[in-house]
Amino acid sequence: MTTVNEPYVLNIGPQHPSTHGVFRLRVVMDGEVIRDLDMIVGYLHRSMEKLAEERTYTQNIPFTDRADYLAAMSNNLGVCLAVERLAGVEVPERASYLRVIFAELQRIASHAMANGTLVSDAGAWQTPLLYMFREREKILDLFEMTCGARLTTNYMRIGGVAFDPPPEFWPALQELLDEMPARIDEYASLVVDSEIFLARTRNVGVISAADAINGSLVGPALRGSGVPWDLRKAEPYCVYDRMNFEVPVGRHGDVYDRFMVRLEETRQSVEIIKQAVAQIPDGPHKTDIPLALRPPPGEVYGRVEGPRGELGFYVVSDGTPAPYRFHIRAPSLINLSLLREMAVGVSLPDAVVALGSLDIVVGDIDR
Amino acid sequence: MPAGPHQLDGHRIAARLGAALPGVVTRATQEWVEVAPERVQDALRWLRDSEEFDAAQLSNLTAVDRHTHFEVVYHLQSLDLNQQVVVKAIVADHEAPSLPSAYPVYKGALLQEREVYDLMGIRFADHPDMRRLFLWEGFPGHPLRKDFLGIGHGQTSGLQRFPNEDLANRDRMMNAGNLTSQDMPREAGGSMASGGH
């Protein structure tokens with residue numbers, strides 16, 4: 001009698017902790033090794049780009065909260081900057097500083113989520129995740145204080161921000177900034193020195209710099225491979241050109257480097273917020289724009305460095321109050337371009353960690 | 001029009017690209033360069049490998065339905081030189097649009113072209129995995145096309161006018177204290193309580 005190794009087809013998801021949302025992987029296994037992988041997405045598709053063509057530019061801002069629901073502020077900022085460039089709207093200086101403060105707070109919150117769930121994928125059940133959520137919770141409280149919402153903030157407006165933060169915001173922010181560096185050291189001590197974490201993440205999911213560039217990877221996924229590309233440095237928007245900060249990069253392009261890039265970026269974000277708080281001027285937080293803003297016919301590709309990388313908005317105007325075409329360049333989707341190449345030939349637990357290190361948000365993938 | 005801060009002039013790209021690959025460039029504007037659709041792979045490969053443009057990364061790929069034809073837009077990025085190149089290809093056949101895939105040049109086109117195929121219906125030849133991305137295989141039509149909801153030729157979908165524009169402006173003036181409710185004309189129909197007879 002002969003034994004035949006038949007391939008085994010395994011469905012991961014759509015509801016599964018390691019897929020970080022309604023995201024399905026269909027994996028062909030040979031024992032513990034992946035032979036083929038197919039991703040099935042679209043469970044969260046809400047046709048935002050079609051809906052946007054029937055709504056005004058301002059009415060489209062709340063949609064972007066629901067695209068990448070872990071980084072609503074960054075999405076708000078991206079769409080506002082794109083439309084402002086298209087329509088030639090000036091933004092008051094105070095609003096630009098407030099945008100930087102909230103975008104960086106959002107980056108800290110989003111990286112806490114990304115790193116926490118990655119550690120969870122690697123087997124450290126919930127403890128590090130909950131430690132990182134402690135500070136994320138305080139950031140969400142700051143958001144709630146300012147705009148009334150914690151996740152779907154809808155805070156930025158074309159021409160500025162919706163509200164000036166209340167007086168109690170500033171001491172609460174200062175308290176958070178003072179304790180953050182020690183907290184980040186605490187996260188690092190929980191995870192980075194752990195032998196199990198090193199074994200699970202070192203030399204796993206390696207992406208070379210050339211592949212990362214050719215595969216359109218952006219954000220920490222690209223910087224983890226050693227490419228120092230950050231739109232806050234390359235195309236400074238808002239007041240990032242006045243901020244002094246570094247762009248951390250990895251050396252090996254593995255899961256560990258991507259984790260460390262996010263951790264270091266959190267430190268840099270704290271530094272940026274401190275500088276912004278020190279420099280922020282008084283003044284209006286918003287310019288008045290017409291309710292039915294009609295940008296001149298034309299097109300614009302505006303982009304920001306979101307927590308997951310280059311977040312682009314390609315907006316085409318035909319001179320009416322609604323965009324003719326409204327495309328969101330979603331970093332979560334495009335960062336998956338190399339997933340199949342990364343996963344084929346490695347064991348299933350390694351592929352789960354590699355997927356976790358790409359930091360996908362399914363709302364951003366499907367839109 | 002508002003080009004990006006490091007976006008290169010389309011005329012300059014057209015001059016160099018046209019000299020290297022005769023017949024590839026069909027049109028150029030200040031913002032972008034239009035290439036012949038059947039030679040889009042050649043143009044992208046030349047831009048990627050050229051030392052002057054160094055378009056190493058395909059940062060964005062999408063399409064626009066112009067009613068009679070499609071525009072496929074490629075935003076290319078040089079990470080070393082920090083400059084952006086915008087390339088467009090016009091797909092003239094609106095009924096059965098197809099275009100060579102950018103995947104042989106940029107692996108990052110894999111999912112972006114699947115998205116364009118799913119939502120716009122443009123088929124990319126040489127793509128290794130030309131399936132729908134978000135919608136299920138039996139879904140009728142491609143929803144981002146302008147004619148998807150049955151809007152006839154010559155009409156456009158989208159708002160021509162903000163529906164409550166006058167009403168909203170009036171509310172804003174009232175809030176600013178310029179007008180009082182006495183200045184406003186009575187609305188026909190009245191409130192729900194009085195409209196019940």
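What follows draws every value from the coordinates through simple rules; no lab data is involved. Since the model is a prediction, treat every value here as computed from it, not as a measurement. Methodologically, a virtual Cβ is constructed for each residue, glycine included, from the backbone with ideal geometry; neighbour enumeration extends over all protein chains shown.
Below is a table of values for the structure above.
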item: Filtered GluC sites (Glu not before Pro), the stretch B:79-149: DSSP coil and at most 12 other beta carbons within 10 Å; result: B:Glu95, B:Glu137
item: Rounded FRET efficiency, nearest 0.05, which uses the C-beta distance separating A:Phe133 from A:Glu341 and R0 of 45 Å; result: 0.85
item: Sparsely packed trypsin sites (Lys or Arg not before Pro) within the stretch A:164-250, loop by DSSP, other Cβ within 10 Å at most 15; result: A:Arg202
item: Relative exposure of B:Trp136, B:Trp32, judged by other C-beta atoms within 10 Å (fewest first); result: B:Trp136, B:Trp32
item: Average other protein chain Cβ within 10 Å of Cβ, residues B:103-116; result: 5
item: Mean Kyte hydropathy of -0.5 or more with a Cα span along the axis of at least 18 Å, helices from DSSP in chain A; result: A:72-87, A:93-121, A:127-147, A:169-191, A:255-279
item: Where labels lie 7 Å past Cα in the beta-carbon direction, separation of B:Asn82 and A:Val28 in nm; result: 4.6 nm
item: Cα→Cβ-extended label distance, 7 Å offset, between A:Glu175 and B:Asp93, nm; result: 6.6 nm
item: Surrounding net charge for A:Ala112, when Lys and Arg each add one and Asp and Glu each subtract one, Cβ distance under 10 Å; result: +3
item: Relative packing of B:140-147, A:73-80, which averages over residues the other C-beta atoms within 10 Å, highest first; result: A:73-80, B:140-147
item: Computed E for A:Arg35/A:Glu90 - FRET, C-beta separation, R0 51 angstrom, nearest 0.05; result: 0.35
item: Whether the stretch A:45-366 is rounded, prolate or oblate, judged on the alpha carbon gyration tensor where a/c under 1.5 counts as rounded; result: oblate
item: The stretch A:263-300 and the stretch A:162-215: distance between their alpha carbon centers, rounded to Å; result: 22 Å
item: Centroid-to-centroid separation of the stretch B:44-86 and the stretch A:316-349 [C-alpha atoms, Å]; result: 16 Å
